[in-house]
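Beneath this line is the structure, given in structure tokens, with notes to follow.
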Amino acid sequence: MLRWLFPSTVRPAAVLYPAAWMVIVLVMSSVPGDLGMDEGWFGALLKRLLPSSTDPLHVPGYAVLALLWCRALRAWPMRAGLSALLGFVIAFAFGLLMEWHQAGIPGRVASASDVGLNAAGALMAAGLYMFAARHLQVRGSRPS
């Protein structure tokens, strides 16, 4: 089975970057919403540095995830269109899973708007990837 999954022309390391990004997102979404940052100078500093709402981070975060998956999937013999579709599907499914996961974290909530922002970022990235593969002829790309 592993031979089919990782043929000799495919390097298993192709999925390391998107998998690492998924771990980063998982860790970030596991932080409780109330960190008790009212104590001392460090809490005040964190309040100034961290955004009060993470909503603006959903679109670029899931765009990066989708782009990483689009590129990683090209290690398998498939066209750019299929790679973009699968990259979007993986990023979207992971976003759904993370919202479900956040429902059990104190101070965090799962929301449909976050799922929409995740999907928007992943869709924009998949579209950008398709545009690049078709019109810019990215090195090694096979247009769909």
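When the stretch 25-40 is examined, which residues are found to be farther than 14 Å from Ala66 by Cα, modelled with pLDDT of 70 or more and hydrophobic (A, V, I, L, M, F, W, C)?
Passing the criteria: Leu26, Val27, Met28, Val31.
Give all pairs with beta carbons closer than 7 Å in which a residue from the stretch 89-117 that is aromatic (Phe, Trp, Tyr) meets a residue that is at pLDDT below 90 and not in a helix (DSSP H, G or I); count only pairs at least 6 apart in sequence or on separate chains.
Trp100/Ala110
Only one of Leu96, Leu65 is within 10 Å of the chain's Cα centre (by Cα), closer than 15 Å to Leu26 by Cα, not in a loop (DSSP other than H, G, I, E, B) and not aromatic (Phe, Trp, Tyr); which?
Leu65
Report yes if some residue within the stretch 102-112 is crowded, with 22+ Cβ neighbours inside 10 Å and assigned to a helix (DSSP H, G or I); otherwise report no.
No, the conditions are met nowhere in the stretch 102-112.
Anything in the stretch 50-99 that is surrounded by 21 or more Cβ atoms within 10 Å (Cβ to Cβ) and in contact with a Lys or Arg (Cβ under 7 Å, 6 or more places away or on another chain)? List them, or say none.
Ala80, Ser83 - these are the residues of the stretch 50-99 that are surrounded by 21 or more Cβ atoms within 10 Å (Cβ to Cβ) and in contact with a Lys or Arg (Cβ under 7 Å, 6 or more places away or on another chain).
Restricting attention to the stretch 103-141, and to residues there that are at pLDDT below 90 and in contact with a Gly (Cβ under 6 Å, 6 or more places away or on another chain), which single residue is farthest from Leu85 (Cα to Cα)?
By that ranking, first place goes to Gly107.
The values are calculated or read from the model by the stated rules, or taken from the named source; none is laboratory data. Please read all numbers here as calculations on a predicted model, not as lab measurements. Reconstructed Cβ throughout: ideal geometry from the backbone, glycine too, with neighbour counts over all protein chains shown.
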